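Asks: Encoded as structure tokens, here's the structure I'll be asking about.
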Amino acid sequence: MKKLRWATDGGFWEVDLSTAVTVDGVARPAREDPIPLGLSRGTRLSRPKQIDFFQRFMSMPFVPSFSNSNGLSFHRLISLPLPLPPDTWFSTLLGRFDVRNFTSSLPPRQQRQMQQQQDSDASFLHTVWTHVLNPSFYALNFCSEWLLTPEDTLLLSLEKHGSSHDTIPRKKAVLHHKFSDHNLTIEAASPTLFVDGLGNYWDVPFTLGLDFASLPSSDSGMSSHFCINRTSGSPHKYDTTPVSVPVPVPPSLLPGLCAKCAVSFKNNFDIWRSQAPKTKLVQPYDMFLSNPHISASAIIGTVITASLGENSVRAKAEDGWFGFQAKGANSAISADLFATASLSAQHGNFQKLFLDLTRINARVDVPSVSKFVVGASRLAVDLYNSRQAPSVEAIQSICPSASLSIQQQICGPLSFRIDCGVSVDMTKKKEWWYMNVINDPVYAAEYALQVLGSAKAVAWYSPKQREFMIELRFFET
């Protein structure tokens, strides 16, 4: 489901999430609180280019995926002939065939056997072929990318689903411009697919956004982010399956205008880094994963959020909260601090054939420093003034969110990886203890493409979303 980025990247700079629900494989995160930023939506390799790579260089005639709404699907891409070279103009038609919808439309087995006895083989094949040509089993995505200048890229896409629950064509236009130290992204989409923290998908009729962010860097220093988002129309759930309890719409998806500005400072330092020489004349499977080390990083920053419209509806500030917040009849502005700390450890050079890479990353996030400080002070006062044990709610209020990533080489370029969130939920009692600690796990098998230096094919599965997908990643550590 998620981008499977390493924990050191920080949880506040959310990028587009990968999903098998749509053909282009992208969903935007919807945050119910303005402090977790959701600002930096960095560029990524488009889904058509990923499928094109799998077909050309990995001999995959069809690329499979699975989602709870579509079931098992197969993707196939056709490159359209163009007068300009592919490096300048890349245009494709990407199709998806939904196997579950096709098999469910076929008659039951007994009925098929009776039909085969009564009809000829040609008539039976004609019946199956008629089902195959049913447009409700397909989804098409037309995508065209232009390299306007060495710094500007324009992407236009049109997506149409044949299923009954997604009949509105999806249109998108994205302009990327590269500055020397920043990236500028302007995007307009109708409708736009969002996913909230509970895993529910939402369609917003129209969104228009502008993002201006510092280039991602692994070095220490300052980074800045600025974005403006305009949403219009009433959001609705993507999956129309009836539910017993109505799901509220995330406030950030309601119609209105929202602007965010964030500045953060990052400091990296090495605790230990191996000085042992590498095996000579043996290229690592991934050049970015060839240095054993133990390192840590810390980020602290501030964010200011201004909202105008229905999306300005937010929870009122708690008593004693020292962050800035002001609300009008149809507007709101707030400011707060955030912080994160991470630890990364790696063993092995990823050169040998077996078990030469073990990588662990852990990250702790404090999305609102003001709420954390207020909760900690209240807990300290309660402990000082009373001999009774503090309440579960008081302890829960100061527990930060955390994430954990573990990767282990199995054989050659193949490795296994687990990403998950870690949180202590003491307000709910579940059958197994680990269900109170581990949430939203993602399991992935990675195959490093050694000839490209740092690239990999990733097959991941999310039990929470019930989604499976194969992706191509470049220069991701």
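The values are calculated or read from the model by the stated rules, or taken from the named source; none is laboratory data. Note that the structure is predicted; figures quoted are calculated from it, not measured. Heads up, the Cβs are rebuilt from the backbone with ideal geometry, glycines too, and the neighbour counts pull from every protein chain shown. Keep in mind that these areas ignore ligands, DNA and RNA; they rest on the heavy atoms of the full protein, side chains included. Shrake-Rupley method; radii C 1.70, N 1.55, O 1.52, S 1.80 Å.
Asks: For 460, 129, 89, what's the largest-to-smallest order of accessible area, 1.4 Å probe?
Replies: Descending order: 129, 89, 460.
Asks: In terms of solvent-accessible area of protein heavy atoms at a 1.4 angstrom probe, what is the ranking of 172, 371, 280, 260, highest value first?
Replies: Per-residue accessible area, sorted high to low, gives 280, 371, 172, 260.
Asks: At a probe size of 1.4 Å, how large is the accessible area of residue 447, to the nearest 10 Å²?
Replies: Accessible area, nearest 10 Å²: 110 Å².
Asks: Distance check, please: which entries in 278/352; 49/171; 49/464; 266/456 exceed 21 angstrom between their Cα atoms?
Replies: Table pairs above 21 Å Cα-Cα are 49/464; 266/456.
Asks: Toward the positive end of the charge dipole of the stretch 234-306, about the Cα centre and with charges on Cβ (Lys, Arg +1; Asp, Glu -1), which of 294, 263, 251 goes farthest?
Replies: Checking the options against the dipole of the stretch 234-306, the answer is 294.
Asks: Quick one: if the Förster radius is 35 Å, what FRET efficiency do residue 263 and residue 352 give, using the C-beta to C-beta distance and rounding to 0.05?
Replies: E(calc), rounded to 0.05, equals 0.20.
Asks: Shifting gears a bit: Given labels modelled 7 Å from the Cα in the Cβ direction, how far is it in nm from residue 239 to residue 313?
Replies: Using points 7 Å along Cα→Cβ, the separation is 2.4 nm.
Asks: If the chain between residue 182 and residue 459 were fully stretched, how many nm would it gain, using 0.36 nm times the residue separation less the Cα-Cα distance?
Replies: My answer for the length gained is 96.6 nm.
Asks: Mind grabbing the accessible area of residue 399 for me, 1.4 Å probe, Å², rounded to tens?
Replies: Accessible surface of residue 399 is approximately 50 Å².
Asks: Shifting gears a bit: Provide the solvent-accessible area of residue 300, counting protein heavy atoms only and rolling a 1.4 Å probe, rounded to the nearest 10 Å².
Replies: 90 Å²
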